Amino acid sequence: MAVEIKEILSKKILSEAKGYLDIGFTHSLNPYSGCAFSCSYCYVREMPIQKFKEIPWGEWVDIKTNAAENYRNEMFKLRQKAKPVNIFMSSATDPYQPIERKAAVTRGLLEAMLENPPDFLQIQTRSPLITRDLDLLMKLKDKCEVLVSMTVETDREDIKQIFAPFAPGIKLRLKALREIHEAGISTQASISPVLPFTPDFPKALAGIVDRIWIDTLNIGDGSMGKRSKRLGMPQLFEAYGLSEWYRVDIHVRVEKYFKKSFPDEMVHVSKNEAFPIHSKR
């Protein structure tokens, strides 16, 4: 699939945390606009950033070339206010787009964070490319609290191919999680959204994550399932004989299942609780 790549200058790089991020985060940070992974269930497809775009979601990515410069300027001002800065990167894109290999916008941001770190940084990605930046992450974790959250919606590659054929493979993501965890960096598996998985899914995560975050198409699309319905998710599940996995209470079942294999304090469900940020600064 061809992806239109553009370089742009952004007015700001840190946005005030709202909606589902208003649970301890103060800001979201998106190094890119658009996303080449083109996951069929992505709620951003239903947001204004895409609604007013002529190019379909998944076929365009804008590179924010001045992201690091903006971060330095904005963080300087925020630090003058002496308020905590807890960053979620990223909420409307993946910070490790395929173009990141060349553009290195996210890497530039991490370098800027070493100069003026936030109090807490969560990196949300589904790309093994993040392991390229282990050198910076290991330095950064000594300056602030860092959590690497890898999206692992399922342990089945065939299911991933149905819902997110252009996203990195599941085995590669699990390998990256292990590498990051073994480097001493806190890790989280984000089962977001819950897709059909095998009974052995907990075993695949054992020993490589500190936390498990469960989210679904009904409680995590920012519109209580309405965006997911508009994206045709119920029909897609039905077409593959997977309707049982689209239940409104699927998060309850998945939570109970994972708590059989992990301590209760490791397993968290979206919308059920606040995100436990404990700043070291």
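The values are calculated or read from the model by the stated rules, or taken from the named source; none is laboratory data. Quantities reported herein were computed from a predicted structural model and do not represent experimental measurements. For neighbour counting, all protein chains shown are included, and Cβ atoms are generated from backbone atoms with ideal geometry for every residue, glycine included.
Below are the figures for this structure:
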{"item": "Answer from Ala112, Ala92 - the residue that is among the hydrophobic types (A, V, I, L, M, F, W, C), in contact (Cβ under 8 Å) with a residue 40 or more places away in the chain and either touching a Ser or Thr at 6+ places or on another chain (Cβ under 6 Å) or under 24 Å from Gly220 (Cα atoms) (or both)", "result": "Ala92"}
{"item": "Filter result (surrounded by fewer than 16 Cβ atoms within 10 Å (Cβ to Cβ) and in contact with a Ser or Thr (Cβ under 7 Å, 6 or more places away or on another chain)) within segment 16-42", "result": "none"}
{"item": "Ile130 in a helix (DSSP H, G or I) and more than 23 Å from Glu100 (Cα to Cα)", "result": "no"}
{"item": "Qualifying helices (runs of 4 or more DSSP H) (wholly inside segment 157-242; at least 2 residues being within 21 Å of Leu129 (Cα to Cα) and out of contact with any strand residue (DSSP E or B) (no Cβ under 6 Å at 6 or more places or on another chain))", "result": "157-163, 170-182"}
{"item": "Subset of segment 152-166 (residues that are more than 18 Å from Pro202 (Cα to Cα), surrounded by 15 or more Cβ atoms within 10 Å (Cβ to Cβ) and without any contact (Cβ under 8 Å) to a residue 60 or more places away in the chain)", "result": "none"}
{"item": "Test: Leu195 is farther than 30 Å from Leu114 by Cβ and either among the hydroxyl-bearing types (Ser, Thr, Tyr) or buried (at least 16 other Cβ atoms within 10 Å of the Cβ) (or both)", "result": "yes"}
{"item": "Yes/no for Glu273 being among the charged types (D, E, K, R) and either at pLDDT 90 or above or in contact with a strand residue (DSSP E or B) (Cβ under 9 Å, 6 or more places away or on another chain) (or both)", "result": "no"}
{"item": "Residue tally, condition under 19 Å from Glu4 (Cβ atoms), surrounded by fewer than 19 Cβ atoms within 10 Å (Cβ to Cβ) and either of a type in the set (S, T, N, Q) or at pLDDT below 95 (or both), over segment 61-103", "result": "2"}
{"item": "Restricting segment 115-126 to residues that are touching a residue at least 60 places away in the same chain (Cβ under 8 Å) and either surrounded by fewer than 19 Cβ atoms within 10 Å (Cβ to Cβ) or of a type in the set (S, T, N, Q) (or both), the residue that is nearest to Ser149 (Cα to Cα)", "result": "Gln124"}
{"item": "Pair list, Cβ < 6 Å and 6+ apart or interchain, from segment 223-236 residues that are at negative phi and surrounded by 14 or more Cβ atoms within 10 Å (Cβ to Cβ) to residues that are part of a loop (DSSP other than H, G, I, E, B) and at pLDDT 90 or above", "result": "Ser228/Leu217; Met233/Tyr41; Met233/Leu217"}
{"item": "Among residues of segment 209-261, those that are touching a Ser or Thr at 6+ places or on another chain (Cβ under 7 Å) and acidic (Asp, Glu), counted", "result": "3"}
{"item": "Cβ pairs under 7 Å, 6+ apart, first in segment 199-218 and farther than 25 Å from Val248 by Cβ, second charged (D, E, K, R) and part of a helix (DSSP H, G or I)", "result": "Ile208/Arg178"}
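A quick yes/no check of all residues on (1) of a type in the set (Gly, Ala, Ser); (2) under 20 Å from the mean Cα position of the chain (by Cα); (3) over 12 Å from Ala92 (Cα atoms):
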{"site": "Met1", "(1), (2), (3)": "no, no, yes"}
{"site": "Glu16", "(1), (2), (3)": "no, yes, yes"}
{"site": "Thr26", "(1), (2), (3)": "no, yes, yes"}
{"site": "Cys42", "(1), (2), (3)": "no, yes, no"}
{"site": "Pro48", "(1), (2), (3)": "no, yes, no"}
{"site": "Phe52", "(1), (2), (3)": "no, no, yes"}
{"site": "Trp57", "(1), (2), (3)": "no, yes, no"}
{"site": "Lys64", "(1), (2), (3)": "no, yes, yes"}
